[in-house]
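> Quick one: the structure is below, questions incoming.
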Amino acid sequence: MSTLKAVRGTRDLLPPETALWNRIEAIAREVFARYNFGEIRTPIFEDTSLFARGVGEETDIVSKEMFTWEDRSRAQSEKNQSLTLRPENTAGVVRAYIEHKLGESGQLQKLFYIGPQFRRERPQKGRYRQFSQIGAEVIGPPHAGSESPLRDAEVLEMLATLLDELGITGWTLEINSVGSSADRERYNQTLREALVPVVGQMCEDCQRRAVTNPLRVLDCKVPEDQPIIDALPKIVDSLDEDSKTHFAAVLAALDAAEVPYTRNHRLVRGLDYYTRTTFEFTHGGLGAQNALLGGGRYDGLSEAIGGPKAPGIGFAMGEDRLVLTLLAQQQAEPVKNDAYIAPLGDAKDQAALARMNAAALALARELRRAGLSVELGDGSFRLKKSFEAADKVARRIVILGEDELASGILTVKDFASGAQTKVPRAELAAILARPAGA
Ligand code: HAM
């Protein structure tokens, strides 16, 4: 029989790396709480039309990358339903905002999510078919202040804080404004005209985009097309006064908060719902897939999927890419247990072995109940093997032999200092709780 493997583009996350994932999520939750965000959990699959209408039919995500299936009807009277594994979470959050009438509270909704997303992309380092996003959205009726540039700047300042607290160094915030939908239409027209004389020299994708959605030409990565694209008109020059003022206010608030940024005129993002502010945080260590996170404003998304006017701004971070970056920065020292308990048995004396193992379990229970993390060895191991095993997973080893059991004085070795000491059982938990070497 052939062996079964995880499906292409998906992977198993294993210890010790999963500890890093949990640490990232714990820090994110803690930062979100400080900024008054609450958690939302939306379903992993949704009606396909949510993404078609929300993210946009013409985007790569919707036209090529979605995992979609026809779900069989359960009754004759029902039609089949087209369902899709969510390729991103913003459309689902806005659907939930509309469905639960969250706007009627009159308050800004500040929601965060952590969970898997699915895109049928060509797998490579930092790009998977199932990946995890940590994201957040700020959305509400205009009278709640949802359109204010302060919201954009606050989200960006939170991201700078979050990346710093995660220990990610060397990130760059790239920012742009794609204007209102009217600005974008005007810019699309300007681009369409500007492309006429040059599009013949461009790649096939650009030739198609020049007709269907000229803005997407700016996403092109084909090296030969780059000088042509750089010479095209810039979107900032098509913004109306409102959009210009909004963008200037976002940048001024970032300056005041001392959040560094770089303007990127080509940053139009790959999803159609964006209006005004768009941004990405990139990291040089990631290679081709260098976006740690992306986001922006989506002032018309709610209406596009049948809801009330509800401007919003948000972002999603690629958690897989945060892990890769931290691993590359080598800040991912595996967390060690407080203690390894090594019972000393005699493999030939089954009764004595069982007694020592049982005593070791009782000691482990005592220490774990005191809040310590403990790994438990086995009395059949030779002492050398116990030491080797302990050094890999714990900061200290506790030796439990017949003498120790009788006297209640245990032998403890600290791997960091190399010191070996005798410790009365009553003091053991307090000693093991100390940092390594102390
Ligand atoms: P996005 O730029 O499509 O935006 O994805 C955000 C982040 O998810 C990317 O910067 C990247 O780190 C990660 N990511 C995307 N695709 C993959 C993949 N195949 N493998 C690994 N990581 C990936 C959105 O999804 C928007 N919903 C963000 C947003 C929220 N805009 C407003 N609110």
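The values are calculated or read from the model by the stated rules, or taken from the named source; none is laboratory data. Predicted model, so just to flag it, every value in this text is computed and none were measured. Cβ sites come from the backbone with ideal geometry, for glycine too, and all protein chains shown count toward neighbours. Heavy atoms of the whole protein, side chains included, go into the accessibility calculation; ligands, DNA and RNA do not. Shrake-Rupley method; radii C 1.70, N 1.55, O 1.52, S 1.80 Å.
> Roughly how many debye, to the nearest 20, is the charge dipole of the range 145-263 about its Cα centre, given +1 on each Lys and Arg Cβ, -1 on each Asp and Glu Cβ, and no other charges?
My answer is approximately 480 debye.
> Among THR277, LEU150, GLY401, which residue has its Cα positioned farthest towards the positive end of the charge dipole of the chain, with +1 placed on the Cβ of Lys and Arg, -1 on the Cβ of Asp and Glu, and the dipole taken about the Cα centre?
Final value for the positive-end residue is GLY401.
> Taking the Cα-to-Cβ direction at THR169 and at LYS234 and moving 7 Å from each Cα, how far apart do the two end points lie in nm?
3.2
> How many percent of the accessible area of the chain is carbon or sulfur, using a 1.4 Å probe?
The computed percentage sits at 52.
> Right, here's the next one. What's the magnitude of the charge dipole for the chain around its Cα centre, counting Lys and Arg as +1 and Asp and Glu as -1 at the beta-carbon? Answer in Debye, nearest 20.
Roughly 1320 debye, rounded to the nearest 20.
> In the chain, which whole DSSP H runs stretch at least 15 Å along their own axis (Cα) and average -0.5 or higher on the Kyte-Doolittle scale?
Both cut-offs are met by 17-34, 149-166, 241-256, 350-369, 383-393.
> Which shape class applies to the range 1-160: rounded if a/c is under 1.5, otherwise prolate when a/b exceeds b/c and oblate if not, where a ≥ b ≥ c are the square roots of the Cα gyration tensor eigenvalues?
Note, shape of the range 1-160 comes out oblate.
> Got a sec to turn the phi values of the range 66-75 into Karplus ³J(HN,Hα) couplings, 6.51 cos²θ - 1.76 cosθ + 1.60 with θ = phi - 60°, whole Hz, x for Gly and Pro?
Those phi angles translate into 8, 8, 10, 8, 8, 8, 4, 6, 9, 10 Hz.
> Among MET202, LEU20, TYR97, whose Cα sits farthest toward the positive end of the charge dipole of the chain (+1 at Cβ of Lys/Arg, -1 at Cβ of Asp/Glu, about the Cα centre)?
Highest projection toward the positive end goes to LEU20.
> Would you mind calculating the gained length between ARG120 and GLU303 on full extension (0.36 nm times residue separation, minus the Cα-Cα distance), in nm to one decimal?
Extending this stretch completely gives an extra 63.1 nm.
> Further question: In a shell of Cβ-Cβ distance under 11 Å around LEU13, excluding LEU13 itself, what net charge do Lys and Arg (+1) and Asp and Glu (-1) give?
Local charge sum for LEU13: -3.
> Residues with amide H under 5 Å of THR275's amide H, sequence separation 5 or more or different chain, H placed in the peptide plane at 1.01 Å from N; which?
When sequence neighbours closer than 5 places are left aside, the close amide H contacts are ARG297, TYR298, ASP299.
> Also, quick follow-up: Residues with amide H under 5 Å of SER82's amide H, sequence separation 5 or more or different chain, H placed in the peptide plane at 1.01 Å from N; which?
Hits under the 5 Å cutoff: THR48, ASP71.
> To the nearest 20 debye, what charge dipole does the range 63-109 have about its Cα centre, counting +1 at the Cβ of each Lys and Arg and -1 at the Cβ of each Asp and Glu?
Dipole size: approximately 80 debye.
> Considering the dipole of the chain built from charges on the beta carbon (Lys and Arg +1, Asp and Glu -1) around the Cα centre, which of SER63, PRO233, ILE341 is farthest to its positive end?
ILE341
> Which lysines does LYS392 reach when only Cα atoms under 24 Å apart count, and residues fewer than 8 places away in its own chain are ignored?
Partners within reach: LYS336, LYS384, LYS413, LYS422.
> Return the long-range amide H neighbours of SER373 (sequence gap of 5 or more, or a different chain), with a cut-off of under 5 Å between placed amide H atoms.
ASP338, ALA339
> While we're on this one: Could you list the residues of the range 162-177 with an amide nitrogen less than 13 Å from a label point located 7 Å from the Cα of ILE27 in the Cα-to-C-beta direction?
It comes to 162-171, nothing else.
> With r as the distance between the Cβ atoms of ARG34 and GLU204 and R0 = 45 Å, compute the FRET efficiency 1/(1 + (r/R0)^6) and round to 0.05.
Result of the calculation: an efficiency of 0.40.
> Here is a follow-up. For a quick check, take a GNM of the chain with Cα springs below 10 Å and name the residue from VAL268, VAL178, VAL423 with the largest mean-square fluctuation.
In this elastic network of the chain, the residue with the biggest mean-square fluctuation among VAL268, VAL178, VAL423 is VAL423.
> Just to verify a number: FRET efficiency for GLU70 and ALA288, C-beta to C-beta distance, R0 = 30 Å, to 0.05?
For GLU70 and ALA288, the calculated efficiency is 0.30.
> What is the extension gain from SER49 to LEU14, computed as 0.36 nm multiplied by their sequence separation minus the C-alpha to C-alpha distance, in nm to one decimal?
Using 0.36 nm per residue and subtracting the Cα-Cα distance, I get 9.1 nm.
> Another question, if that's okay. Give the shape of the range 198-290 as rounded, prolate or oblate, defined through the alpha-carbon gyration tensor: a ≥ b ≥ c are the square roots of its eigenvalues, a/c under 1.5 means rounded, and otherwise the shape is prolate if a/b is larger than b/c and oblate if not.
It is oblate, given that a/c is not under 1.5 and a/b is not larger than b/c.
> Using θ = phi - 60° and the Karplus form 6.51 cos²θ - 1.76 cosθ + 1.60, what ³J(HN,Hα) does each residue of the range 227-238 get, whole Hz, x for Gly and Pro?
Whole-Hz 3J(HN,Hα) from phi for the range 227-238: x, 5, 5, 4, 8, 6, x, 8, 5, 4, 6, 9.
> Quick one: order ARG209, ARG382 from most to least accessible surface, probe 1.4 Å.
Listed by decreasing accessible area, they come as ARG382, ARG209.
> Is the range 1-69 best put as rounded, prolate or oblate by its Cα gyration tensor, with a ≥ b ≥ c the root eigenvalues, rounded for a/c under 1.5, and otherwise prolate when a/b is larger than b/c, oblate when not?
Judged from the Cα gyration tensor, the range 1-69 comes out oblate (a/c at least 1.5, b/c at or above a/b).
> Hey, another quick one. So for ARG297, ARG184, ARG368, what's the accessible-area order with a 1.4 Å probe, most first?
ARG368, ARG184, ARG297
> Report the antiparallel proportion of the DSSP beta bridges in the range 302-438 as a percent, rounded to a multiple of 5.
Roughly 55 percent of the DSSP beta bridges within the range 302-438 come out antiparallel.
> Do the sum for the chain: with -39,500 (n - 2.57) for every DSSP H run of n ≥ 4, divided by all residues, what is the mean residue ellipticity at 222 nm, to the nearest 500 deg cm²/dmol?
-11000 deg cm²/dmol
> Right, another one. With every protein chain left in place, what is the accessible area per residue of the chain in square angstrom, probe 1.4 Å?
In whole numbers, the chain has 49 Å² accessible per residue.
> Can you sort LYS413, LYS79, LYS101 by 1.4 Å-probe accessible area, starting with the largest?
LYS79, LYS101, LYS413
> Still on this structure, please answer the following. Run the quick spin-label model on LYS101 and GLN189: label points 7 Å from Cα toward the beta carbon, then report their separation in nm to one decimal.
Label at LYS101, label at GLN189, 4.0 nm between them.
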